[in-house]
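As structure tokens, the structure follows; a few thoughts come after it.
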Amino acid sequence: MSLQELKDRLPDYARDIKLNLGSLAAEPVLNGKQRAGTFIASALGARNPEVTAAITAEFAPQLDAKELAAARAAAAVMGMNNVYYRFLHLVGNGDYGRLPAKLRMNAIATHGISRADFELWCLAVSAINGCGSCIASHERAVREAGMTAEQVQAAVRIAAAVNAAAAVLDVEAAGMPAVALAA
């Protein structure tokens, strides 16, 4: 499945999502690898098999094997870290923050690609998962690496549109009945 086929699968009520996916696929403030990795990491983070398949088919050819593995690693490690660090933030008890995490996070140091790109992909997944601590940490890292506010925004816009497409397809798969409008 291609990105166009994915957009065609979205119902009329999600027209804005279709349009955003199309424009973001050519977002000029990110280079091709940054854009492709952000799409793939976001699709994996959004956890919808159909969205993941379409976006991977569309964008994986733009990445080499190491970059594709890094996009997958970003989604995987953020799937774990976002839960853990969101808990630390939300529990409001500093005792937990003083304890060692005791979670392996080697992917953050051993991804083998540009640190800025990996951090950008982690930021996109963290935005989907709603972890404020991780969002702040990864945003700071990409800005320190020289990325602009526009590049950060573009990555988060990609994450938002991909996540919305996944949510729409999840609702459609659940068979939510159409509501008849009163005349």
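Values computed for the structure shown
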| quantity | calculated |
| --- | --- |
| Any cysteine of the chain lacking a neighbouring Cys Cβ under 4.7 Å - listed by number | Cys122 |
| Order by protection proxy (mean Cβ within 10 Å, highest first), peptides 106-114, 50-58 | 50-58, 106-114 |
| Distance (nanometres) between label positions extended 7 Å along Cα→Cβ at Glu150 and His89 | 2.7 nm |
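Each reported figure results from applying straightforward, stated rules to the coordinates on display, with no laboratory input. Predicted model, so just to flag it, every value in this text is computed and none were measured. Backbone-built Cβ (ideal geometry, glycine too); neighbour counts: all protein chains shown.
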